[in-house]
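FYI, it's all coordinate maths here, none of it is from the lab. Remember, predicted model here, so these are calculated numbers, not experimental data. A quick note on method: Cβ atoms are made from the backbone with ideal geometry, for glycine too, and the neighbour counts reach across all protein chains shown.
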Amino acid sequence: MSEPSTSDTDGDAAKPSLATRLSNAFAEMLGEQPAAATDDDEPSSSVESAPTATVDAEELTPSGNVTPEGVVEAALFVGRPDNEPLQATQITAIVPGLTVDDVAEVVGSLNARYERRGSPFVIIHQRTGYRLTLRDEFAGTRRRMLGRSRATRLSPAAVDVLALVAYLQPVSGDDVSTQRGHPSQAILRQLVRRQLLRIDRDPENRRRISYRTTDRFLKLFQLSSLEDLPRVPDFDPSAQ
């Protein structure tokens, strides 16, 4: 391969990196000034990562007055650290004698109880598992509590990562790190916990994962679809 000419090299040096261009476009969409470059991969103090929640079988195993129904409810409340739905088989693993069919029955019983009490909660089935969430009629309360401004209080590094995934998805963690020039796994995990990103696993190799934005990402940033993302000059996602 021939060496680039001096003029080409100078032009490339003057042109911001892809990560910077995407991040700047994303920041402008949020009504913010483009953030200064930073090597800090940890979230800023205004973006506190939720504690990594895991289901501890020993702690949740029924004992005393604790019922299997209570354990199922507790497991759904805790959820998974990657924010994926809790699978029925994961629930049966922590409740001795409970079957997958029993889980469905318990979920139905819990939902009936929530409805009788006028509870804001409901257990829904998504793809491969269950999730404890708020009823649709309480969506306004959730939006007011979370707020768009809270959702967008991200460190400059987190904005970089979110912008790269938004424009390049599906994209691997390694590719995000390469584009930024810094390790990005910690920030990717933080954004998954905040439900702005989700993980896709390769069906043929479950260890191979990629990242995409979520429906919550679209709602919080008031986008009808990814087509509403700001256009970036000289950028073609299909060519990446």
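Once the Cβ-Cβ distance of residue 206 and residue 66 is raised to the sixth power relative to R0 = 30 Å, the FRET efficiency obtained is 0.35.
Round to the nearest 0.05 the FRET efficiency obtained for residue 174 and residue 136 when R0 = 35 Å and r is the Cβ-Cβ distance.
0.40
Taking Lys and Arg as +1 and Asp and Glu as -1, the other residues whose beta-carbon sits under 15 Å from that of residue 102 total -4.
Find how much the distance from residue 216 to residue 153 grows on full extension, using 0.36 nm per residue of separation minus their present alpha carbon separation; answer in nm with one decimal. Let's see the in-between values first.
Values: separation 63, 0.36 × 63 = 22.68 nm, distance 1.53 nm.
Result: 21.2 nm gained on full extension.
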